[in-house]
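*Asks:* Pasting a structure below so you can have a look.
The values are calculated or read from the model by the stated rules, or taken from the named source; none is laboratory data. Since the model is a prediction, treat every value here as computed from it, not as a measurement. Cβ atoms come from the backbone with ideal geometry, glycine included; neighbour counts cover every protein chain shown.
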């Protein structure tokens, strides 16, 4: 069972300790990210599977990368999963549930994700959810792909 709860200090501190194998170590957590995850403006949520912290999702400014402009017509969404759960297809199965659980904080007709251009696993997961129309974006941190989809529950 997948549960989503507003981010609190304990899961944020746990996420800050996550370490990934290269090249995914680009996503390693840090203590500096804890206050960002706890800032209500960033709408961070902890993802629990069978009662254990499995990942996180955020909606809003922290889901964007430098150089990407806010768009009132789009909800920006970011996600990450515990290192031992990545690369096994598990997160792809959870993401539809996570996005459905986020429905009360998603308001725009369009949803947007930004993924590192080299991250084939996350790109495949996003595409499996219906995100498409890739638009390249580059900044000092690297090359990215911006993907969008129509909000499934949009009116």
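*Asks:* If a residue must be closer than 20 Å to residue 70 by Cα and part of a loop (DSSP other than H, G, I, E, B), how many such residues does region 118-155 contain?
*Replies:* Looking only at that region, the number is 5.
*Asks:* What is the number of the single condition among (1) buried (at least 17 other Cβ atoms within 10 Å of the Cβ); (2) in contact (Cβ under 8 Å) with a residue 24 or more places away in the chain that residue 42 does not meet?
*Replies:* (2)
*Asks:* Does residue 56 satisfy the criteria of being at pLDDT 95 or above and under 20 Å from residue 25 (Cβ atoms)?
*Replies:* Yes: the conditions hold for residue 56.
*Asks:* Then there is this: Could you say whether any residue in region 76-99 is more than 23 Å from residue 5 (Cβ to Cβ) and in contact (Cβ under 8 Å) with a residue 24 or more places away in the chain?
*Replies:* yes
*Asks:* Now for a separate question. Kindly indicate which of 87, 130 is at pLDDT 90 or above, surrounded by 12 or more Cβ atoms within 10 Å (Cβ to Cβ) and at positive phi.
*Replies:* Just a single option satisfies the conditions, and that option is 130.
*Asks:* Residues that are exposed (fewer than 11 other Cβ atoms within 10 Å of the Cβ) and either at pLDDT 90 or above or within 27 Å of residue 49 (Cβ to Cβ) (or both): does region 105-118 have at least one?
*Replies:* no
*Asks:* Give 35, 61 a once-over and let me know the one that is within 23 Å of residue 141 (Cα to Cα), free of Cβ contacts under 8 Å to residues at least 24 places away in the same chain and either surrounded by 13 or more Cβ atoms within 10 Å (Cβ to Cβ) or in contact with a strand residue (DSSP E or B) (Cβ under 7 Å, 6 or more places away or on another chain) (or both).
*Replies:* Residue meeting the stated conditions: 61.
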